[in-house]
Amino acid sequence: MKRKAKNIVMEVNEDGCWICVSHSRDTCGYPLIRHKGKLLKLSRFVYEQQHGKIPAGMVVRHTCDNRACINLDHLILGTQADNVRDMMERGRSTHLCGTSNGASKLTEKDVHAILADTQHTQRELGKMFGVSQQQICRIKNRKLWKHITMEANQ
């Protein structure tokens, strides 16, 4: 028995996004559609309906940053690298830098002091700033807080 295709119902928000309200979403917030027995992201489905098959290695990017949006004017193709760059440039990364990360125990001022300090061991600095010696090591080796420029330490 063949199922009838479910109608796509959407609401337009103030940004011109067409928000799908008729279909369930995956754990990342993308509306899903079942097509020919496969579960697809609705944004990919509508893009392919308008523009044809999406080339291998390409993803559908949302210029509006709204995962539930299916407005074709907001959907463009790109690589995953393009998508990650968008995410970082628009501050959507879960890997927020410095004090933008709510879990950060240090401030930019603290990191400047850590980088400039030549008198204390990493263990001593860790105790002074309430972080581990490993954190101090990662800061000193520019693995963490690498957005802090060395010039600012002078």
Inset, instruction - Under a cut-off of 29 Å between alpha-carbon atoms, report the lysines in cross-link reach of Lys109, not counting same-chain residues fewer than 8 places apart. - result: Lys127, Lys140, Lys143, Lys146
Legend entry - the chain: translational diffusion in µm²/s, Stokes-Einstein, Kirkwood Rh over Cα pairs, 20 °C, 1.002 mPa s: 112 µm²/s
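Nothing charged except the Cβ atoms of Lys and Arg (+1) and of Asp and Glu (-1): what's the magnitude of the dipole of the chain about its Cα centre? Round to the nearest 20 debye.
Numbers: 25 positive and 15 negative charges, 213 e Å.
Dipole of the chain, to the nearest 20 debye: 1020 debye.
Would you mind computing Rg(Cα) / (2.2 N^0.38 Å) for the stretch 1-90, counting N as its residues?
Values: Rg = 13.4 Å, N = 90, 2.2 N^0.38 = 12.2 Å.
Relative to the rule-of-thumb radius for its length, the stretch 1-90 sits at 1.10.
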Legend entry - Hits among lysines - C-alpha to C-alpha of Lys38 under 26 Å, sequence gap 8 or more where chains match: Lys2, Lys4, Lys6, Lys53
Legend entry - Local electrostatic count at Gln49 - Lys and Arg +1, Asp and Glu -1, tallied over other residues with Cβ under 14 Å: +3
Legend entry - Exposure rank, largest accessible area first [Leu39, Leu115; 1.4 Å]: Leu39, Leu115
Inset, instruction - Evaluate E = 1/(1 + (r/R0)^6) for Val12 and Asp86, where r is the Cβ-Cβ distance and R0 equals 22 Å; express this FRET efficiency to the nearest 0.05. - result: 0.45
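Rounded to the nearest 500, what is the chain's calculated 222 nm mean residue ellipticity when only DSSP H runs of at least 4 contribute -39500 (n - 2.57) each, over all residues?
Numbers: 5 runs with 45 residues, N = 154.
About -8000 deg cm²/dmol.
The values are calculated or read from the model by the stated rules, or taken from the named source; none is laboratory data. The shown structure was predicted, so the numbers you read here are calculated from the model rather than taken from an experiment. In this analysis, Cβ positions are derived from the backbone assuming ideal geometry, glycine residues included, and neighbour counts consider all displayed protein chains. The accessibility values were calculated without ligands, DNA or RNA, using every heavy atom of the protein model including side chains. Shrake-Rupley method; radii C 1.70, N 1.55, O 1.52, S 1.80 Å.
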